[in-house]
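Visitor: One structure, as structure tokens, below. Some questions next.
The values are calculated or read from the model by the stated rules, or taken from the named source; none is laboratory data. The structure presented is a predicted model; accordingly, all values stated were derived computationally and were not measured. When we count neighbours, we look across all protein chains shown, and the Cβ atoms used for this are built from the backbone with ideal geometry, even at glycine.
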Amino acid sequence: MNEAIESLIIALLTGGHVIMEGVPGLAKTLLAKSFALSLGLSFKRLQFTVDILPSDIIGGLVFNRKTGELEFRPGPIFANVVLIDEINRAPPRSQSALLEAMQERQVTVEGVTYKLPNPFLVIATQNPVELEGTFPLPEAEIDRFMMRVLVSYPSREDEEKILQMRNVMGEEVNIDAVTDQQALAVAAEEVHAVKVVPEIIQFIVDIVGRTRSDEKLVIGASPRAEIALLYASKALAALNNRSYVIPDDVKKACFRVLNHRLVPKPEYIEISKRIDYGFVSKAISEYLASVEVPV
């Protein structure tokens, strides 16, 4: 769970988005809501289903009886933190409604563009094992997620703490904001100012380049993946009180940034879809081992 929290912070400070993947009951929804409230941000939750429409996500025009005119009514996408539960249950047409919002931080309805709040973070959840009634995410949409975090079962010690807390507090968890949007903007500027030497840039390009020459993959990672890896590395450096990126920052971010972008060939698909993603993890480890680490 610590990695999930860290990933949400990284995405928020760098303008990215996150997929959280894990079996039901691991508190992914609670984490997203608590994250937003603790930072003083607005929060909206969308439950994706097979019959959800694009207008249910971005909003649409409604008739105002008082003025006799059509006016835009914003959808739940208009929040700082938007949680999309079970993103792969929506049909492709509805999933595509997210593309402009995630990339451009805006939505367009009937030719009119509406800006989304700043900061803006999409957190999507999906179940790694349930396939019935789901739709694969389009490659263009997957690539717009900065990272995918695999949320696993908590340790025994953490489970005991969860039960103790629930026994005392029940379902209601009071969360007070510990910061505000102005402080977050300052933090984002600090991340942006983190220095990256040319050798680190080359290190990132070499790693991602290995994915494109891997014969076990249909396609490798795009230049957007390189940018995501760069930004995530800068955020990790800042979170560790450094004003410069080191190779370990890149290595630490690598799996989270690349694991959902690698498309294996048909003969490898079955083993690549195990919950622990051992196939992808091994491949990324091989890329890191084959690239010279800058000194």
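Visitor: Given the conditions (1) surrounded by fewer than 19 Cβ atoms within 10 Å (Cβ to Cβ); (2) at negative phi, report the number of the one that residue 41 does not fulfil.
Guide: Looking at each condition in turn, residue 41 falls short on (1).
Visitor: Sticking with this structure for a sec: Could you give me the residue pairs with C-beta distances under 7 Å whose first residue belongs to the range 103-127 and is hydroxyl-bearing (Ser, Thr, Tyr), whose second residue is assigned to a loop (DSSP other than H, G, I, E, B) and surrounded by 12 or more Cβ atoms within 10 Å (Cβ to Cβ) wherever it lies, and which are 6+ apart or on separate chains?
Guide: 125/86
Visitor: Can you name every residue in the range 22-38 that is of a type outside the set (A, V, I, L, M) and either closer than 13 Å to residue 122 by Cα or crowded, with 19+ Cβ neighbours inside 10 Å (or both)?
Guide: Our first condition is that a residue be of a type outside the set (A, V, I, L, M); within the range 22-38, this holds for 22, 24-25, 28-29, 33-35, 38.
Residues satisfying the conditions are 22, 28, 29, 33, 35.
Visitor: Return yes when residue 191 is in contact (Cβ under 8 Å) with a residue 12 or more places away in the chain and surrounded by 14 or more Cβ atoms within 10 Å (Cβ to Cβ) and no when it is not.
Guide: Criteria met by residue 191.
Visitor: Does residue 200 fit the bill of being of a type in the set (Val, Ile, Thr), outside the structural domain of residue 291 (by TED's automatic domain parsing) and either touching a Pro at 6+ places or on another chain (Cβ under 7 Å) or under 30 Å from residue 27 (Cβ atoms) (or both)? Can you show your working first?
Guide: Numbers: of a type in the set (Val, Ile, Thr): yes; outside the structural domain of residue 291 (by TED's automatic domain parsing): no; either touching a Pro at 6+ places or on another chain (Cβ under 7 Å) or under 30 Å from residue 27 (Cβ atoms) (or both): yes.
Answer is no for this residue.
Visitor: So residue 19 ticks every box in (1) part of a helix (DSSP H, G or I); (2) under 21 Å from residue 260 (Cα atoms); (3) modelled with pLDDT of 90 or more but one. Which box is left unticked?
Guide: Exception for residue 19: condition (1).
Visitor: Which members of the range 232-259 meet the condition of being surrounded by 22 or more Cβ atoms within 10 Å (Cβ to Cβ) and of a type outside the set (A, V, I, L, M, F, W, C)?
Guide: 233, 234, 249, 256
Visitor: So which residues in the range 232-271 are of a type in the set (S, T, N, Q) and in contact (Cβ under 8 Å) with a residue 12 or more places away in the chain? I'd like the intermediate steps shown before the answer.
Guide: Applying the first criterion (of a type in the set (S, T, N, Q)) to the range 232-271 yields 233, 240-241, 243, 259.
If the condition is that a residue be of a type in the set (S, T, N, Q) and in contact (Cβ under 8 Å) with a residue 12 or more places away in the chain, then 233, 243, 259 are the ones that fit.
Visitor: Tell me, which residue of the range 217-231 that is out of contact with any strand residue (DSSP E or B) (no Cβ under 9 Å at 6 or more places or on another chain) and free of Cβ contacts under 8 Å to residues at least 60 places away in the same chain is farthest from residue 255 (Cα to Cα)? Quick ask: steps written out before the conclusion?
Guide: Here is the first cut: in the range 217-231, the ones out of contact with any strand residue (DSSP E or B) (no Cβ under 9 Å at 6 or more places or on another chain) are 221-227, 229-231.
Still in the running and free of Cβ contacts under 8 Å to residues at least 60 places away in the same chain: 221, 223, 226-227, 229-230.
Numbers: 221: 12, 223: 16, 226: 12, 227: 14, 229: 10, 230: 13 Å.
The selected residue is 223.
Visitor: Hey, residue 157 hits all of (1) over 30 Å from residue 62 (Cβ atoms); (2) over 16 Å from the mean Cα position of the chain (by Cα); (3) part of a loop (DSSP other than H, G, I, E, B); (4) at pLDDT 85 or above but one; which does it fall short on?
Guide: (3)
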